[in-house]
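The values are calculated or read from the model by the stated rules, or taken from the named source; none is laboratory data. What you see is a predicted model; the values in this text were computed from it and never measured. Glycine gets a Cβ as well: all are built from the backbone with ideal geometry, and neighbour counts include every protein chain shown.
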Amino acid sequence: MKMYLSNVAADPDRTARLIEIAKTSLWPLLEGAISNTIPLTIISFICGLLLAVLTALARISHVKILQIIARVYVSAIRGTPLLVQLFIIFYGLPNVGVTLDPFISAVIGFSLNVGAYASETIRAAILSIPKGQWEAGYSIGMSYSQVLKRIILPQAARVSLPPLSNTFISLVKDTSLASVVLITEMFRRAQEITSRNYEFLLVYTEAALIYWVICFFLSVLQQVMEKRLNRYGV
């Protein structure tokens with residue numbers, strides 16, 4: 001790294017060229033983030049969160065078949081690499097006649113992944129709520145679904161916010177894998193740019209800085225949300 005920087009500093013023409021490359025690369029990278037990385041993250045997280053809630057409820061239900069299905073799903077997703085899952089969805093399913101759009105394939109892959117990991121977080125949050133809260137709801141005539149909706153889930157949401165926020169931040173970085181299913185998100189744009197100028201260190205570092213800025217902003221937002229929710233804590 002020191003040798004690279006010293007070579008750049010010793011060659012004014014190369015320095016000017018790198019500055020120009022950095023300038024011209026910035027907007028394509030940002031465009032990839034705005035058009036695909038961020039939408040892919042948000043849509044996948046929302047779908048994954050809904051799936052996670054359903055899976056968590058299935059895990060704690062008294063219906064044995066639901067418990068088994070949820071456990072198999074969580075085990076299969078957590079036990080296989082996300083990259084392999086994306087390849088199966090996008091490249092494998094066409095072999096059985098199911099061809100999906102690249103963006104849809106990525107959403108399905110990321111949603112399934114988020115759903116499996118987040119379900120364990122939500123399940124643990126629900127189980128952390130004292131049983132007395134359930135009994136209090138039943139004592140005033142509430143049904144199971146009413147207690148869950150009005151008493152348990154709101155408290156579980158406060159408990160699960162920090163780990164779920166971390167899952168969301170990790171998902172931002174994981175979307176770089178969407179390049180393997182031909183989505184031109186930010187990392188894919190970086191690959192396209194470096195294929196023309198071969199300045200791998202510069203362009204990939206620039207992309208890494210953009211990921212860092214996005215994740216830093218989300219971390220700040222997470223802290224703000226935690227403070228607001230903690231006002232209602234015991």
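Numbers at a glance
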{"read-out": "Selection from segment 98-128 of residues that are surrounded by 21 or more Cβ atoms within 10 Å (Cβ to Cβ), among the polar types (S, T, N, Q) and over 16 Å from Leu57 (Cβ atoms)", "value": "Ser105, Ser111, Asn113"}
{"read-out": "Of all residues making up segment 96-152, the number that are within 30 Å of Thr80 (Cα to Cα) and outside any helix (DSSP H, G or I)", "value": "6"}
{"read-out": "Hits in segment 181-194 - residues which are at pLDDT 90 or above and surrounded by fewer than 18 Cβ atoms within 10 Å (Cβ to Cβ)", "value": "Gln191, Glu192"}
{"read-out": "Residue in segment 22-34 that is of a type in the set (Ser, Thr, Tyr) and either under 16 Å from the mean Cα position of the chain (by Cα) or farther than 24 Å from Ile193 by Cα (or both) present", "value": "no"}
{"read-out": "Test result for Thr167, free of Cβ contacts under 8 Å to residues at least 12 places away in the same chain and buried (at least 18 other Cβ atoms within 10 Å of the Cβ)", "value": "no"}
{"read-out": "Options Thr194, Thr184, Thr175; residue that is outside any helix (DSSP H, G or I) and polar (S, T, N, Q)", "value": "Thr184"}
{"read-out": "Matching residues, segment 36-57, being among the hydroxyl-bearing types (Ser, Thr, Tyr) and either assigned to a loop (DSSP other than H, G, I, E, B) or touching a Leu at 6+ places or on another chain (Cβ under 9 Å) (or both)", "value": "Thr41, Ser44"}
{"read-out": "Subset of segment 58-75 that is under 21 Å from the mean Cα position of the chain (by Cα) and either in contact (Cβ under 8 Å) with a residue 40 or more places away in the chain or not in a helix (DSSP H, G or I) (or both) - its residue that is farthest from Phe103 (Cα to Cα)", "value": "Ala70"}
{"read-out": "Tabulated pairs, segment 78-89, first free of Cβ contacts under 8 Å to residues at least 60 places away in the same chain and assigned to a helix (DSSP H, G or I), second among the hydroxyl-bearing types (Ser, Thr, Tyr) and surrounded by fewer than 14 Cβ atoms within 10 Å (Cβ to Cβ), C-beta under 9 angstrom, 6+ apart or interchain", "value": "Ile88/Thr80"}
